[in-house]
1. Could you run the Karplus curve 6.51 cos²θ - 1.76 cosθ + 1.60 with θ = phi - 60° over segment A:33-47 and give me ³J(HN,Hα) per residue in whole Hz, x for Gly and Pro?
2. Can you compute 3J(HN,Hα) from phi for each residue in segment A:20-29, using the Karplus curve 6.51 cos²θ - 1.76 cosθ + 1.60 with θ = phi - 60°, rounded to whole Hz and x for Gly and Pro?
3. In whole angstrom, how long is each semi-axis of the equivalent ellipsoid of segment B:17-176, when you take the square root of 5 times every eigenvalue of its Cα gyration tensor and sort them from largest down?
4. By average Cβ neighbour count within 10 Å, what is the ranking of B:32-45, A:55-68, B:128-141 from highest down?
5. What percent antiparallel are the DSSP beta bridges of the protein assembly as shown, to the nearest 5?
6. In terms of modelled amide H atoms, which long-range or inter-chain residues lie less than 5 Å from the amide H of B:H124?
7. Compare the peptides A:72-79, A:84-91, B:72-79 by average per-residue count of other Cβ atoms within 10 angstrom and give them in order, highest first.
8. 5 Å is the cut-off here: which amide hydrogens, built 1.01 Å from N in the peptide plane, fall below it relative to B:E28, excluding neighbours closer than 5 in sequence?
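No value in this document is a laboratory result; all are computed from the given coordinates. Just so we're clear, the structure is a prediction, and the values are computed from it rather than from any experiment. Glycine also receives a Cβ, built like all others from the backbone with ideal geometry; neighbour counts cover every protein chain displayed.
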Amino acid sequence: MSVKVIIPAPLRQYTEKNDSVLVDGQTVDEVLHNLTERYGDLRKHLYSDEGKLRSFVNIYRNDEDIRYLDKGSTAVKESDVLSIVPSIAGGATAMADGLSLLTKD
Amino acid sequence: MARAGVARSYPLIVRAASQQAKHIMAFELRRKEWERIEKEGIAAYPEECCGVLLGKEQEGRKVLSDIVPLNNARKDSPRNRFLILPEDFVRSEREARARGLDILGFYHSHPDHPARPSDYDREHAWPWYTYLILAVEKGQPRDMTGWLLSDDRASFLPEEMTLSDDGTKFEARSGT
């Protein structure tokens, strides 16, 4: 059984430019294992050297974060869509508040 | 479009794009989207605004079609941090795909701070995506700059941007 995995644009360079890939597996771990077997360069972007999913990588089964389901053991079925979802954060430095005070009239 | 009392000046190209990012490319947007991002920055001030850039990569250029303003999820520190929730990303990506578009990157504002990426920005950045930063000073929009993460994640590189209305090109300074 295969499920669709949505690949975000920054990682498509490792999936032969495919924006989605059909991958076999019964659980999220199996699907990601098979995905990174097929596209070896993808592995270091999803997993740390210790083999753990990187903290700024989220995996969603349809609309749900697998961290709140069964993590890697989360079951998948044929109609499911897995998404690799980057954490997006940033912002000005801690100095911003100080500058704001300095520039007030 | 005429803007009462404010002469618009856009930053000039100051240096060529570096080769340090394998997939460096130009970013193209219309004045309409530029001004929408400015409005978002004004409305959010003194907090940071953030959102998604939707468009298509075409022959080495990223062409912006639309922006999707999103909620800044950093309620503890919204004046100098932004966070896009993964569920908002998933929704945006689904919308993009339904429209035949991709997420090209993200924009956010720096209230009372230059339009330069911080170390915090860099530590949390992804390669390939364009990061647009708008400086908002005392509630007024100032410079807007575009950045790409280098492949070794060590630095942000200025990305050349083009206003497609009239072909104006501009690029951020990489230093202070």
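1. 4, 5, 5, 7, 5, 6, 10, x, 5, 5, 4, 5, 8, 9, 10
2. Karplus values, whole Hz, x for Gly and Pro: 8, 9, 8, 10, 6, x, 9, 10, 4, 4.
3. Taking √(5λ) for each Cα gyration eigenvalue gives 21, 18, 17 Å.
4. Packing proxy ranking, top to bottom: B:128-141, B:32-45, A:55-68.
5. Here the share of antiparallel DSSP bridges comes out near 75 percent.
6. Here the answer is none, since no amide H 5 or more places off falls under 5 Å of that of B:H124.
7. A:84-91, B:72-79, A:72-79
8. B:K62, B:V63, B:L64, B:T162
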